[in-house]
1. Cβ-Cβ distance below 8 Å, separation of 6 or more or different chains: which pairs start in the stretch 19-34 with a residue that is at pLDDT 95 or above and end on one that is open to solvent by 40 Å² or more (accessible area, probe 1.4 Å) and in a helix (DSSP H, G or I)?
2. Can you name the residue in the stretch 18-47 that is of a type outside the set (Asp, Glu) and in contact with a Pro (Cβ under 8 Å, 6 or more places away or on another chain) and is also nearest to Glu102 (Cα to Cα) among such residues?
3. Might you let me know whether the stretch 42-52 holds any residue that is free of Cβ contacts under 8 Å to residues at least 24 places away in the same chain, among the aliphatic types (A, V, I, L, M), open to solvent by 20 Å² or more (accessible area, probe 1.4 Å) and in contact with an Asp or Glu (Cβ under 9 Å, 6 or more places away or on another chain)?
4. Is it the case that the stretch 64-81 has a residue that's touching a Ser or Thr at 6+ places or on another chain (Cβ under 6 Å) and open to solvent by less than 70 Å² (accessible area, probe 1.4 Å)?
5. Within the stretch 83-101, can one find any residue that is under 17 Å from Val39 (Cβ atoms), modelled with pLDDT of 90 or more and crowded, with 19+ Cβ neighbours inside 10 Å?
Amino acid sequence: MTKRILRIPQSIICEMWKHGLEEYPNECCGLLAGRGNEVERFYRVENKLKSPTRFLMEPRDQLRAFKEMDKAGIELQVIYHSHTRSPAYPSGTDLELAVFPEVNYLLMSFQWVLPQQRDPFPDTQVYWITNGSITPARADIV
């Protein structure tokens, strides 16, 4: 698959940030889907571990999201999750869990947002992760 510049609506970015704040101090996770390079849908997925340092997507939530994607004729484009104590950069665990080279991985860091409130918005970064290799990706907010 050709690596593309994703276009993510500001409303979806805000929903992800809201999700991260609601789950804080635990990590949040979810999926983004759409057509071509356009993200159209946001799917919250429960973090089954309820942990501030790890996530595991609830299988029922994932299945529901994939069924909705199939019905809508859209495809998985992004797997996202938050970091609550570290930068928005893939950890060793993230590399181990990154098994879909055709999708982007979006990370949001809340390490400076709460409790210090130094910046009202989490650092949000997008990457391609393939065979343990991390490549920064680009996503335009529209």
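1. Cys28/Glu22; Leu31/Gln62
2. Val39
3. Here is the first cut: in the stretch 42-52, the residues free of Cβ contacts under 8 Å to residues at least 24 places away in the same chain are 45-46, 48-49.
Imposing the further condition that a residue be among the aliphatic types (A, V, I, L, M) reduces the set to 45, 49.
From what's left, open to solvent by 20 Å² or more (accessible area, probe 1.4 Å): 49.
This time we only want the ones that are in contact with an Asp or Glu (Cβ under 9 Å, 6 or more places away or on another chain), so: 49.
Scanning the stretch 42-52 turns up at least one residue that is free of Cβ contacts under 8 Å to residues at least 24 places away in the same chain, among the aliphatic types (A, V, I, L, M), open to solvent by 20 Å² or more (accessible area, probe 1.4 Å) and in contact with an Asp or Glu (Cβ under 9 Å, 6 or more places away or on another chain).
4. no
5. Within the stretch 83-101, none of the residues are under 17 Å from Val39 (Cβ atoms), modelled with pLDDT of 90 or more and crowded, with 19+ Cβ neighbours inside 10 Å.
The values are calculated or read from the model by the stated rules, or taken from the named source; none is laboratory data. Not measured: the values here are computed from a predicted model. Methodologically, a virtual Cβ is constructed for each residue, glycine included, from the backbone with ideal geometry; neighbour enumeration extends over all protein chains shown. What goes into the accessible areas is simple: the full protein's heavy atoms, side chains included, and nothing from ligands, DNA or RNA. Shrake-Rupley method; radii C 1.70, N 1.55, O 1.52, S 1.80 Å.
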